[in-house]
Amino acid sequence: MSDKVSEKNRTEKKGTLPQLFFGAGGIYACFLYYGSLQEDVFRYKFEEDGKTVTFTFIWLLQVMEAGANVLLSFAALSYLGFTRGIPYDMFGLTGFTQVMAKYCTNAALANGVSFPVATLAKSGKMVPVMIGSLVLGNANYTLRDYVQVAAIVIGTAVVGLDSSKKKNSESTFLGLLFLAGSLFCDGMTGGVQKRLKGKTAEKGIKLQPYDFMFWTNLFMLCVAFVFALLNSEVFAGLAFCMKHTEVMWLIVKFSICSALGQSFIFYTIAVFDPLVCSSVTTTRKIFSVLYSIIFKGNTLSGTGWVGVTIASCGILSDIVGKSKETGGESKPEGDQTDEKK
């Protein structure tokens, strides 16, 4: 009897080809455009009084992005219903670590790290996540996991070194430090989220996807707003955006893509399963790198392309590994908000 029920559940999770195109297409469209807009925001430059001025209000950017996610997820939960017994302390902690990770990633881009290097490096966040999960979540990893991470790290290092050789390279030591800080925060997030899942499981609380999206982004919004106030970015940043409306619309579209992209992720998980969604989001990162190289002027030499290939193999290995772990069946996963990092 249980086998029939299990088979029925797997059948219900198959979905249709048009639904796959809708979900995967939405993820690709939103996050490819998201990455392009993110790059454009920090590439925006203009001359003012003989000086080159750029967008530096990173905390304000975090406020607007988190705000868009809060609004959309609040609307969804108002219709679906809010879950009771939410562990606010754990959501507050994961919200803090995630917003710090996103701030450091944006700060890395603002300080000259190229988008391909940042994206590939963030794909190697399994390194700090592994460390954080081992320390905080008591997790175990296989040899395949370590080899996969090594491929991503080595490939990213090759791409980074290739970029640094170019005369027009804007990579800076400070930017790389921010990128390292982002990876450290990712590691903390991974450990905290494992504890969050364990705590909700103990209490018998079944969280909806939009619960993750709403509460995580709400705490991210609060933290970002406090830092924006402390850094005097709120009014100065808004004045900058009102003066340079091109940047303002880039940020608005960037925030909308972030919120819509998360909704497409949740749709794909609901209709299919986390493995299918993971396959889509993982390959999306590779296409984001290729898009940036081809259309954004981040040219690479032959050595750089070798690095991209090595890192891509490591990223794709993640899909194969998850497929073998689940045996092709749906395997529940927690928060999917790391896609936009």
Picked from segment 42-71 (must be open to solvent by less than 50 Å² (accessible area, probe 1.4 Å) and more than 17 Å from the chain's Cα centre (by Cα)), the residue farthest from Ser114 (Cα to Cα) is Leu60
Quick count over segment 94-124, residues being part of a helix (DSSP H, G or I) and either in contact with an Asp or Glu (Cβ under 7 Å, 6 or more places away or on another chain) or closer than 21 Å to Glu233 by Cβ (or both), is 17
Q: Return yes or no: is Ile265 of a type in the set (Val, Ile, Thr), in contact (Cβ under 8 Å) with a residue 40 or more places away in the chain, open to solvent by less than 80 Å² (accessible area, probe 1.4 Å) and touching a Ser or Thr at 6+ places or on another chain (Cβ under 9 Å)?
A: yes
How many residues of segment 224-255 are within 21 Å of the chain's Cα centre (by Cα) and over 17 Å from Ala68 (Cβ atoms)? The answer is 1
| said: Ser279 - would you say it is under 15 Å from Cys30 (Cβ atoms) and open to solvent by less than 40 Å² (accessible area, probe 1.4 Å)? | reply: no
Only unsatisfied item for Cys313, checking (1) within 16 Å of Arg144 (Cβ to Cβ); (2) at pLDDT 75 or above; (3) open to solvent by less than 50 Å² (accessible area, probe 1.4 Å); (4) not acidic (Asp, Glu), is (3)
| query | So is Ala118 aliphatic (A, V, I, L, M) and open to solvent by 20 Å² or more (accessible area, probe 1.4 Å) or not? | reply | no
Filter segment 1-59 for residues that are at pLDDT below 85 and of a type in the set (Lys, Arg); the one that is nearest to Tyr291 (Cα to Cα) is Lys45
| query | Hey, does segment 185-194 have a residue that's at positive phi and at pLDDT below 90? | reply | no
Counting only residues that are over 20 Å from the mean Cα position of the chain (by Cα) and touching a residue at least 12 places away in the same chain (Cβ under 8 Å), segment 85-103 contains a total of 4
When every residue in segment 191-244 that is touching a residue at least 60 places away in the same chain (Cβ under 8 Å) and basic (Lys, Arg) is compared, the one least open to solvent (accessible area, probe 1.4 Å) is Lys199
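The values are calculated or read from the model by the stated rules, or taken from the named source; none is laboratory data. Everything quoted here is computed from the prediction, not taken from an experiment. Here Cβ is always computed from backbone atoms with ideal geometry, including for glycine, and neighbour counts include all displayed protein chains. Side chains included, ligands, DNA and RNA excluded: accessible areas come from the protein's heavy atoms. Shrake-Rupley method; radii C 1.70, N 1.55, O 1.52, S 1.80 Å.
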